Amino acid sequence: MRYPRAIQELITHFNQLPGVGPKTALRYAFFVLQNPAEFAQKFAAAIATIHTATELCSVCYGIDERNPCTICSDPRRDQATLCVVADDQDRHAIETTNEYRGLYHVLGGVLAPLEGMTPETLRIKELLARLGAQKPKEIVLAFNPDMDGESTVLALARILKPQGVRISRLARGLPIGADLEYTDQVTLGDALRGRREV
Ligand SMILES: [Zn+2]
């Protein structure tokens, strides 16, 4: 027996979410169904507006409600320091430590050639252009302490070195395989403060 089409459709969508298998998708669909209609309406509205209510910053490629983003347009931020991160979640994680007052550059992923992430698919060109225009004094490479993060740090250091800018990376001490976005603020703040030159 098949579920009514509306339920089936919702299951299909939940099933496309990362980490959600068919069983969980089914549970989610029934959770929505068993809650008051108002819940489903608010949930649907939140999903429907996520694209129209957010902007990609044309300077740092972070996500915000405005372009340029709140950080890029804040004159109190230290314009001489640029922190390169893989994605917006990592930018957010570093922001919540309150240890960093510079600007960001969101690379759009990490180097993982087997998954099609090459220097050409990342925003390296854009990073070099910013270096030329803004002349930062220090670039902080803040990537997950795992294999892809490590090879990204090394590749970026190689590309950026000739630009004559100081390049630093997060201090060791983050557990291997950790995710910056899930690392507690104190540990990530320590890693930022203790950053060392590459
Ligand atoms: Zn920005």
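The values are calculated or read from the model by the stated rules, or taken from the named source; none is laboratory data. Since this is a predicted model, take the numbers as computed values, not measurements. Positions of Cβ are backbone-derived with ideal geometry, glycine not excepted, and every protein chain shown enters the neighbour counts. To get the accessible areas, we keep the full protein, side chains included, count just its heavy atoms, and leave off ligands, DNA and RNA. Shrake-Rupley method; radii C 1.70, N 1.55, O 1.52, S 1.80 Å.
In table form, for the structure just shown:
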item	result
Complete set of residues in region 62-84 that are within 12 Å of the ligand (Cβ to nearest atom) and crowded, with 21+ Cβ neighbours inside 10 Å	62, 69, 82, 83
Filtered residues of region 119-137 (kept if under 17 Å from residue 78 (Cα atoms) and polar (S, T, N, Q))	134
Number of the exception - residue 83 against (1) part of a strand (DSSP E or B); (2) out of contact with any Gly (no Cβ under 7 Å at 6 or more places or on another chain); (3) among the hydrophobic types (A, V, I, L, M, F, W, C)	(2)
One residue from 44, 40, 6, 29 being among the small types (Gly, Ala, Ser), in contact with a His (Cβ under 9 Å, 6 or more places away or on another chain), outside any loop (DSSP other than H, G, I, E, B) and over 30 Å from residue 72 (Cα atoms)	29
Residue in region 22-40 that is open to solvent by less than 30 Å² (accessible area, probe 1.4 Å), more than 29 Å from residue 151 (Cα to Cα) and of a type outside the set (Val, Ile, Thr) present	yes
Tally of residues being of a type in the set (Gly, Ala, Ser), in contact (Cβ under 8 Å) with a residue 24 or more places away in the chain and surrounded by fewer than 16 Cβ atoms within 10 Å (Cβ to Cβ) across region 156-180	2
Filtered residue count, region 9-21, keeping only those that are open to solvent by less than 90 Å² (accessible area, probe 1.4 Å) and in a helix (DSSP H, G or I)	5
